[in-house]
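Written below as structure tokens is the structure these notes are about.
The values are calculated or read from the model by the stated rules, or taken from the named source; none is laboratory data. Note that the coordinates shown come from a computational prediction; the quantities given were computed from them, not determined experimentally. FYI the Cβ positions are ideal-geometry reconstructions off the backbone, even for glycines, and counts take in every protein chain you see.
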Protein chains: 2
Amino acid sequence: MQTLRLALGERSYPIHIGAGLLGEPELYRPHVRGKRVGVVTNRVVAPLYLERVQRALEKAEARVVPVLVEDGEQAKSWSVLDRVFDALLAARLGRDALLVALGGGVIGDLAGFAAAVYQRGIPFLQLPTTLLAQVDSSVGGKTAINHARGKNMVGAFHQPLAVIADVASLDTLPERELRAGIAEVIKHGFILDLEFVGWLEANLEKLLARERAALEHAVRRSCELKAQVVAADERESGLRAILNFGHTFGHAIEAGAGYGEWLHGEAVAAGMAMAAELSVRAGLLSASDAARVKALIARAGLPLRGPALAPERYLELMQVDKKAAAGEVRFVLLEGLGRAALRGGLDEAMIRESLAAAAQ
Amino acid sequence: MQTLRLALGERSYPIHIGAGLLGEPELYRPHVRGKRVGVVTNRVVAPLYLERVQRALEKAEARVVPVLVEDGEQAKSWSVLDRVFDALLAARLGRDALLVALGGGVIGDLAGFAAAVYQRGIPFLQLPTTLLAQVDSSVGGKTAINHARGKNMVGAFHQPLAVIADVASLDTLPERELRAGIAEVIKHGFILDLEFVGWLEANLEKLLARERAALEHAVRRSCELKAQVVAADERESGLRAILNFGHTFGHAIEAGAGYGEWLHGEAVAAGMAMAAELSVRAGLLSASDAARVKALIARAGLPLRGPALAPERYLELMQVDKKAAAGEVRFVLLEGLGRAALRGGLDEAMIRESLAAAAQ
């Protein structure tokens, strides 16, 4: 097991990475001993891991209340959140209770937001079981549900007490979700670490074959990179926005296609291809580096083009993206591989061209 | 104008108290200049004060988006909150926007919670227009909506940038709401300040007659007392719970009668009478001090008895109150006038007796 630390003063917490961690009572004990613990998970993850987690929590002297929700992005809704509250209130969990998010990014966002606002906030643990959640969404305290007018429009910054990333849980991950998670791994390289981009180019097939050592390295390096950014800018007043590389286009893809049609990582992959093309057109990135971005995305079996929406529809969807400061859309671009930069006020024609060029 | 300060480190903020403050651009300017500002208010308050506030905000160089919701406790619901989000998103307010809560406690709780979670949190201003909101709910950062299973079950601690309490707005307050606000004023005396209890006993008629100097003193002293408690314990891990004197019974009354049937202050008044009787039975308070508590409540025209619910129903409703730590109901009692104390593990028979005795 490897343990990193996200340095946030009083809100600092450990990120444990290793195989078989979900069943380890000693990782839970300091947080849950003597407490009532709501375990929020879904109907796909529960048959695989709930019993193991529940047994370990009970060995760590927790009293467990499982809360099952449906699978998929549509669970990030008020109606599902309200059912979580209902289950917690019916079981009389008080302010001294704790939540556990057992699942992928959707469960982490949903259960994390539930913890942020249940009785004005209770602590929680992240137990990510997908690659996307292990390398990205479980780290950094962003939680949210969706609104009909946009993804993640209602949420909170609420840091977990700990993240426990069991890479053995990736054995049961569907192929498509593994690839979607790799999109965020690649993203961390593109925005922050040229050397890691090189490692990924050399080891992509090992990741796709789920070689455990390669997965552990990818999870560890992704978490390290993300933890540095979050420690420097917890509430996204500046630097943290670079983690949204590919996401402005990506959120438009998810919203335009209908939430849940595209996996988040798939939308981000196509979004990164578009952002790379936009970086070239903005004079920041060389065409050969953009080609390297697109080649790595394609080798991971991820899409370079979004759904067939009119460019006007993309522009409209990006306008409501919450990173649109005072109505102006700001993009995370690349000034080189491993170096991200924020840019606003870009020409609409340039954006349209990039949408088209990404797919070529 | 008098200005107090709630000392919370980085989250410290001023509380301005005076007549005519709602129309003062200079109070708004430092917070809103150049920003988009959503003003959340209701259909009762809007005709009285919205235009004045909007004009002052615009003089302070804000671009205003009014958001009107219905009046009453039922506005503290997800469906109303969602309509607020919808209006803000339709107007494309981004993370750099700001909300203003213009109204009573319901508006403050609703708009404050909207600000806490809209795009993971934006700043807000409290403009309380009822006595209850001026002396209590606008100060301290507690925000929430209700759940079918209990009041304020979903919420956040989210401190405003400033509180602007215009005592002239109390001129239009219905008599019943004035009295309900006085309940929380009296509460601050009972739990923290014997001298203030004496002042209230001497000046109650002036408050009921809305003499401005008396109102200003009552608002100021209440805010001072509450600010001290909140500064010492922002997130209610200990001391702050004393502000809930009368509230464990009071929330049971509100839930048992159906939200909105009883005003919050009325429920707290009857709850304080019950808590005073329980304090006597727990051996903490003299019968003569309990009589003083009840006499002041009665002189303010506030109820000493709750709705006609079976004692078992009260006990059941209090069990789900969120202050029930690990299932045990803890009560705020009095160890004397001006001295509160937290007690758990009280005998059920004693609680039943207190319910009956409060009404006598």
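Numbers below:
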read-out: Helices (runs of 4 or more DSSP H) wholly inside region A:138-235 containing at least 1 residues that are free of Cβ contacts under 8 Å to residues at least 60 places away in the same chain and over 21 Å from residue A:300 (Cβ atoms); value: A:212-232
read-out: Residue under evaluation residue B:93, criteria (1) crowded, with 21+ Cβ neighbours inside 10 Å; (2) away from every other protein chain (no Cβ under 14 Å), criterion not met; value: (2)
read-out: Failed condition for residue A:57, given (1) away from chain B (no Cβ under 14 Å); (2) part of a loop (DSSP other than H, G, I, E, B); value: (2)
read-out: Residue that is over 29 Å from residue A:148 (Cα atoms) and either at pLDDT below 95 or not β-branched (Val, Ile, Thr) (or both), where the choices are A:289, A:233; value: A:289
read-out: Odd one out for residue A:300, checked against (1) surrounded by 17 or more Cβ atoms within 10 Å (Cβ to Cβ); (2) farther than 15 Å from residue A:180 by Cα; (3) at pLDDT 90 or above; value: (2)
read-out: Failed item in (1) out of contact with any strand residue (DSSP E or B) (no Cβ under 9 Å at 6 or more places or on another chain); (2) in a strand (DSSP E or B), with residue A:47 passing the rest; value: (2)
read-out: Matching residues in region A:282-322 - criterion: being in a helix (DSSP H, G or I), more than 19 Å from residue A:349 (Cα to Cα) and of a type outside the set (Gly, Ala, Ser); value: A:289, A:292, A:293, A:294, A:296, A:297, A:299
read-out: Any hit, region A:124-140, residues being at negative phi, within 8 Å of another protein chain (Cβ to nearest Cβ) and under 16 Å from the mean Cα position of the chain (by Cα); value: no
read-out: Residue list for region B:330-360, restricted to those being closer than 20 Å to residue B:316 by Cβ and of a type in the set (S, T, N, Q); value: B:354
read-out: Subset of region A:144-166 (residues that are under 17 Å from residue A:128 (Cα atoms) and more than 8 Å from chain B (Cβ to nearest Cβ)); value: A:158, A:159, A:160, A:161, A:162, A:163, A:164, A:165, A:166
read-out: Region B:203-236 - residue that is surrounded by fewer than 18 Cβ atoms within 10 Å (Cβ to Cβ) and of a type in the set (Gly, Ala, Ser) and, of those, nearest to residue B:4 (Cα to Cα); value: B:231
read-out: Qualifying residues in region B:60-81 (those that are within 14 Å of chain A (Cβ to nearest Cβ) and exposed (fewer than 15 other Cβ atoms within 10 Å of the Cβ)) - the one nearest to residue B:173 (Cα to Cα); value: B:79
read-out: Yes/no for residue B:268 being closer than 14 Å to residue B:341 by Cβ, surrounded by 21 or more Cβ atoms within 10 Å (Cβ to Cβ) and either at pLDDT below 95 or in contact with an Asp or Glu (Cβ under 9 Å, 6 or more places away or on another chain) (or both); value: no
read-out: Hits in region A:237-254 - residues which are buried (at least 20 other Cβ atoms within 10 Å of the Cβ) and either outside any helix (DSSP H, G or I) or touching a helix residue (DSSP H, G or I) at 6+ places or on another chain (Cβ under 8 Å) (or both); value: A:242, A:243, A:245, A:246, A:247, A:248, A:249, A:250, A:251, A:252, A:253, A:254
read-out: In region B:89-127, the residues that are among the aliphatic types (A, V, I, L, M), under 25 Å from residue B:165 (Cα atoms) and in a helix (DSSP H, G or I); value: B:106, B:107, B:110, B:111, B:114, B:115, B:116, B:117
read-out: Hits in region B:99-150 - residues which are of a type in the set (D, E, K, R), in contact with a strand residue (DSSP E or B) (Cβ under 7 Å, 6 or more places away or on another chain) and buried (at least 24 other Cβ atoms within 10 Å of the Cβ); value: B:109, B:142
read-out: Selection count, region B:243-259, where residues are farther than 16 Å from residue B:153 by Cβ and within 14 Å of the chain's Cα centre (by Cα); value: 3
read-out: Only listed residue being among the small types (Gly, Ala, Ser) and in contact with a Gly (Cβ under 6 Å, 6 or more places away or on another chain), chosen from A:9, A:72, A:38, A:34; value: A:72
read-out: Contacts under 7 angstrom Cβ, first residue in region A:100-122 being within 8 Å of chain B (Cβ to nearest Cβ), partner of a type in the set (D, E, K, R), 6 or more apart; value: A:119/A:95; A:119/B:322; A:120/B:142
read-out: Single residue of region B:5-20 satisfying the filter (aliphatic (A, V, I, L, M) and buried (at least 19 other Cβ atoms within 10 Å of the Cβ)) that is nearest to residue B:216 (Cα to Cα); value: B:17
read-out: Boolean, residue B:195 is at pLDDT below 95 and among the charged types (D, E, K, R); value: no
